[in-house]
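The values are calculated or read from the model by the stated rules, or taken from the named source; none is laboratory data. Nothing here was measured: the structure is a model prediction, and the numbers come from that model. Glycine gets a Cβ as well: all are built from the backbone with ideal geometry, and neighbour counts include every protein chain shown. What goes into the accessible areas is simple: the full protein's heavy atoms, side chains included, and nothing from ligands, DNA or RNA. Shrake-Rupley method; radii C 1.70, N 1.55, O 1.52, S 1.80 Å.
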Amino acid sequence: CTSLTNVTIGNNVSTIEASAFSGCTSLTSITIPYNVMNIKRNAFENCTSLTSITFEGTVNEWNSNNFGDDWNKNVPATEVICSDGTVTLIKE
């Protein structure tokens, strides 16, 4: 998926599976619907151009998600834009 530049995930998705977008080096933005509750291990690992993450839900909904290990490993985005504010991403 090295030529994929942006993604809008459908409203019927509740889980972004492990390594789903891993290695999509041209991916610059993603929009995640409010009903996503799980982002699994390495889902966006090495998406080295991903600078914009939008979550259509609230900050509280984002914070209640289940995040797998290294879901955003080597992702340059520093925040998630939610419907009512932003969440700073912590890099480990």
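Which residues, taken from the range 1-36, are under 14 Å from CYS47 (Cα atoms), outside any loop (DSSP other than H, G, I, E, B) and hydroxyl-bearing (Ser, Thr, Tyr)? The one that is under 14 Å from CYS47 (Cα atoms), outside any loop (DSSP other than H, G, I, E, B) and hydroxyl-bearing (Ser, Thr, Tyr): SER29.
Could you tell me whether ASN42 is out of contact with any Cys (no Cβ under 6 Å at 6 or more places or on another chain), of a type in the set (S, T, N, Q) and on the phi > 0 side of the Ramachandran plot? So ASN42 fits the description; yes. Looking only at the range 30-74, which residues are open to solvent by 10 Å² or more (accessible area, probe 1.4 Å) and of a type in the set (A, V, I, L, M)? Correct list: MET37, VAL59.
Within the range 1-59, the set of residues being under 23 Å from GLY85 (Cβ atoms) and hydroxyl-bearing (Ser, Thr, Tyr) comprises THR8, SER14, THR28, SER29, THR31, TYR34, THR51, SER52, THR54, THR58.
Of everything in the range 15-53, what is of a type in the set (Ser, Thr, Tyr) and touching a Pro at 6+ places or on another chain (Cβ under 9 Å)? Give them in sequence order.
Across the range 15-53, the qualifying residues are THR48, SER49, THR51.
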